[in-house]
1. Pull out all pairs, ordered by first then second residue, where Cβ-Cβ is under 8 Å, the residues are six or more apart or on different chains, the first lies in the range 79-100 and is on the phi > 0 side of the Ramachandran plot, and the second is not small (Gly, Ala, Ser).
2. Can you tell me which residue in the range 116-153 is most open to solvent (accessible area, probe 1.4 Å), limited to those that are of a type in the set (A, V, I, L, M, F, W, C) and touching a Gly at 6+ places or on another chain (Cβ under 8 Å)?
3. Considering the range 23-50 alone, what residues qualify as being farther than 18 Å from ALA94 by Cα and modelled with pLDDT under 95?
4. Only residues that are of a type in the set (A, V, I, L, M) and surrounded by 13 or more Cβ atoms within 10 Å (Cβ to Cβ): list them for the range 154-181, please.
5. Tell me whether the range 1-12 contains one or more residues that are buried (at least 20 other Cβ atoms within 10 Å of the Cβ), at pLDDT 95 or above and among the hydroxyl-bearing types (Ser, Thr, Tyr).
6. Scan the range 222-236 and give yes if some residue there is part of a strand (DSSP E or B), open to solvent by less than 70 Å² (accessible area, probe 1.4 Å), under 11 Å from TRP179 (Cα atoms) and modelled with pLDDT of 95 or more, otherwise no.
Amino acid sequence: MPSRGVRLRSVDTNPSEWPSRLLPSRASRGAERFAKCATVVTKLYSLHLDTGAPLLAQTSWARFIPVEMSVSGAARFSGVAMTASLGLGEVHDAPYDPAVLELPDHERRPAILDWLQDHLLQLAASLDWDTGPLEAAYQACLRDGCRFRQTGAPKASADRRYRAHVEFEIDGEGDGWSWVEVKDPAGAVILRSERRDSPASITASGRVRRSVRWQGAEVTWMPWVDDIAPKGYEEWVGHVERLALEDGKLPGATA
């Protein structure tokens, strides 16, 4: 494999995949919570990194594992690149400031973005990476307000009167959510379902958004598209949400 011939496509903090409310109490504080809260930032950053100008490295992914500053000291990068040919990614401990977790959500997200960018730039310096794609991804995240929300393609009802689509979001706690919106012929949202738990990943977003269907007077979609679910919530796997459209009203929905 030619040196520096692999596109870096994703970054993460190795967070828990389950909804935060279902995690052990220890996950509500410290490094585990920081990793979880970083999910929205790392997924958004990865999206922009993967669609922007390529950053050529020797592996396609990087992982920064949050650790207490008092335990680890400053981040250290050896300058030795990990290689995709060995199935490796760039995995590094990354000290974080616990005070970031005390910030309100709208301030915490950009603070985590700065933390991520700082460590990526340090890693880039040690491996002689082009930092242009990193700067572009960082600026794109700022323009997005550090918010990850994607809208699915609309599907028309059989009579062509209504169009339904799925909205997908990763929130500031690192949890994924999806819901259905129904629009009238003028394009106004007339119905909106409740939010449902969904896996907080880019891949899941695509699968959830593509799952919307019309079955007669019902709009359906599949919120949980993974093959496994949290213990006690196994019924999520393969579950199809059904929203009945009756006389222009959707029971349990809010306008």
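The values are calculated or read from the model by the stated rules, or taken from the named source; none is laboratory data. In this text, all values refer to a predicted model and were calculated from it rather than measured experimentally. Glycine gets a Cβ as well: all are built from the backbone with ideal geometry, and neighbour counts include every protein chain shown. The accessibility values were calculated without ligands, DNA or RNA, using every heavy atom of the protein model including side chains. Shrake-Rupley method; radii C 1.70, N 1.55, O 1.52, S 1.80 Å.
1. GLY79/LEU127
2. So, considering only residues that are of a type in the set (A, V, I, L, M, F, W, C) and touching a Gly at 6+ places or on another chain (Cβ under 8 Å), the one most open to solvent (accessible area, probe 1.4 Å) is ALA136.
3. Result: LEU23, PRO24, SER25, ARG26, SER28.
4. Answer for the range 154-181, where residues must be of a type in the set (A, V, I, L, M) and surrounded by 13 or more Cβ atoms within 10 Å (Cβ to Cβ): ALA164, VAL166, ILE170, VAL180.
5. Within the range 1-12, not a single residue is buried (at least 20 other Cβ atoms within 10 Å of the Cβ), at pLDDT 95 or above and among the hydroxyl-bearing types (Ser, Thr, Tyr).
6. Scanning the range 222-236, I find no residue that is part of a strand (DSSP E or B), open to solvent by less than 70 Å² (accessible area, probe 1.4 Å), under 11 Å from TRP179 (Cα atoms) and modelled with pLDDT of 95 or more, so the answer is no.
Quick grid of which residues meet (1) in contact with a Leu (Cβ under 8 Å, 6 or more places away or on another chain); (2) free of Cβ contacts under 8 Å to residues at least 60 places away in the same chain; (3) buried (at least 19 other Cβ atoms within 10 Å of the Cβ):
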residue	(1), (2), (3)
LYS183	no, yes, no
ILE190	no, no, no
SER193	yes, no, yes
VAL208	no, yes, yes
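Conditions (1) hydrophobic (A, V, I, L, M, F, W, C); (2) more than 30 Å from PRO230 (Cβ to Cβ), marked per residue:
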{"residue": "ARG163", "(1), (2)": "no, yes"}
{"residue": "GLU167", "(1), (2)": "no, no"}
{"residue": "GLY176", "(1), (2)": "no, no"}
{"residue": "TRP179", "(1), (2)": "yes, no"}
{"residue": "VAL182", "(1), (2)": "yes, no"}
{"residue": "ILE190", "(1), (2)": "yes, yes"}
{"residue": "GLU194", "(1), (2)": "no, no"}
{"residue": "ASP197", "(1), (2)": "no, no"}
